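The values are calculated or read from the model by the stated rules, or taken from the named source; none is laboratory data. Note that this is a predicted model, so its numbers are computed, not measured. Neighbour counts are summed over all protein chains in view; Cβ atoms, including those assigned to glycine, are modelled from backbone coordinates with ideal geometry. Protein only, heavy atoms only, side chains kept; ligands, DNA and RNA dropped before computing areas. Shrake-Rupley method; radii C 1.70, N 1.55, O 1.52, S 1.80 Å.
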Amino acid sequence: MNAVKIEPSWHKVLCAEFEKDYFLALSQKVKTAYQTQPCYPKGADIFRALELCPFDKTQVVIMGQDPYHQAGQANGLCFSVQKGVAIPPSLQNIYKEISSDLNLKMPTHGDLTPWASQGVLLLNAVLTVQDSMAGAHQNWGWEKFTDAVIDTLSREKTGLVFMLWGNYAQQKGKNIDQTKHKVLKAVHPSPLAANRGGWFGNKHFSQTQAYLAEQGKKIDFSIGE
């Protein structure tokens with residue numbers, strides 16, 4: 001991971017984290033994994049969520065768990081896939097909720113880069129995975145690093161929206177200062193959870209837009225062609 005650049009505003013607030021023993025050990029473990037077996041996303045995209053959404057510009061945080069573990073899917077942003085890749089079921093349900101909530105057209109692709117470039121941090125708890133082995137890099141140290149990202153955002157900024165979908169994300173965000181930020185919770189958008197109720201109709205996207213509008217800010221959740 002030595003060659004991976006970290007966007008300057010993130011480096012400024014996380015520089016101490018990169019020097020800690022756990023992160024140095026994590027870096028070596030990830031480097032070895034990428035040299036010896038297929039892993040995702042590609043090396044240059046491991047920190048893509050932070051690259052595309054600088055600390056200074058972050059307005060919304062959406063938490064995922066693990067990168068997609070099949071070739072050509074993961075692109076460094078949670079829930080997102082490259083154009084040309086079939087839209088995963090969880091993202092289809094996210095799109096259905098957006099379409100209903102904001103009266104937007106259903107997108108034809110799954111690349112969420114337009115959100116990231118506007119200030120939506122699409123952060124997985126674990127930033128790498130081995131091919132065809134979901135969760136293969138869990139408990140390597142990524143969770144500690146992404147906890148530091150969330151804690152830094154909660155502490156250093158005000159007026160953010162955190163969308164926490166499912167028990168894992170809600171546990172991950174348990175220390176967010178809700179006196180300074182808006183925390184929205186719902187079941188996970190995966191078909192198994194969403195179809196039991198509690199996903200469709202949550203109106204997280206209109207709530208986010210209303211909260212940001214009070215601060216003179218806006219995110220356009222349409223994706224385009």
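Dimensions of segment 106-210 based on its C-alpha atoms, expressed as ranges along the principal axes with the largest first, amount to 39, 35, 28 Å.
The Cβ shell under 12 Å around T146 holds other residues with a net charge of -3, Lys and Arg each +1, Asp and Glu each -1.
Loop-resident trypsin sites (Lys or Arg not before Pro) (DSSP state other than H, G, I, E or B) in segment 94-184 with no more than 14 further Cβ atoms inside 10 Å of their Cβ: K105, K174, K180.
Surface composition of segment 28-94: carbon and sulfur make up 52 percent of the accessible area, probe 1.4 Å. Where the centroid of each part is defined by its Cα atoms, how far is segment 73-147 from segment 1-62 in Å? Distance between centres, Cα-based: 16 Å.
Divide the volume of the convex hull around the Cα atoms of the chain by the residue count and you get 116 Å³ per residue.
Would you please classify the overall shape of segment 102-142 from the alpha carbon gyration tensor, given that a ≥ b ≥ c denote the square roots of the eigenvalues, rounded means a/c under 1.5, and beyond that prolate means a/b larger than b/c while oblate covers the rest?
Prolate shape, in that a/c is at least 1.5 and a/b is the bigger ratio.
Can you compute the FRET efficiency between K185 and Q70 using 1/(1 + (r/R0)^6), with r the Cβ-Cβ distance and R0 = 22 Å? Round to the nearest 0.05. FRET efficiency, K185 to Q70: 0.15. Solvent-accessible area per residue in segment 71-225 equals 44 Å², computed with a 1.4 angstrom probe and all protein chains kept. Roll a 1.4 Å probe over the protein heavy atoms and report the accessible area of S80 in Å², nearest 10. That residue has around 0 Å² of solvent-accessible surface.
Counting only protein heavy atoms and a probe of 1.4 Å, the accessible surface of segment 105-225 is 48% carbon and sulfur. The residues neighbouring L26, those whose beta-carbon lies less than 14 Å from its own, together hold a net charge of -1 under the Lys/Arg +1, Asp/Glu -1 convention.
Full extension of the chain segment joining A44 with N103 gains 17.7 nm, where the gain is 0.36 nm per residue of separation less the Cα-Cα distance. Each Lys and Arg contributes +1 and each Asp and Glu -1, all at the Cβ; summed about the Cα centre of the chain, the dipole is approximately 280 debye. May I ask which residue of G197, A33, L122 lies farthest towards the positive end of the charge dipole of the chain, with charges of +1 (Lys, Arg) and -1 (Asp, Glu) on Cβ and the Cα centre as origin? Positive-most Cα among the choices belongs to G197.
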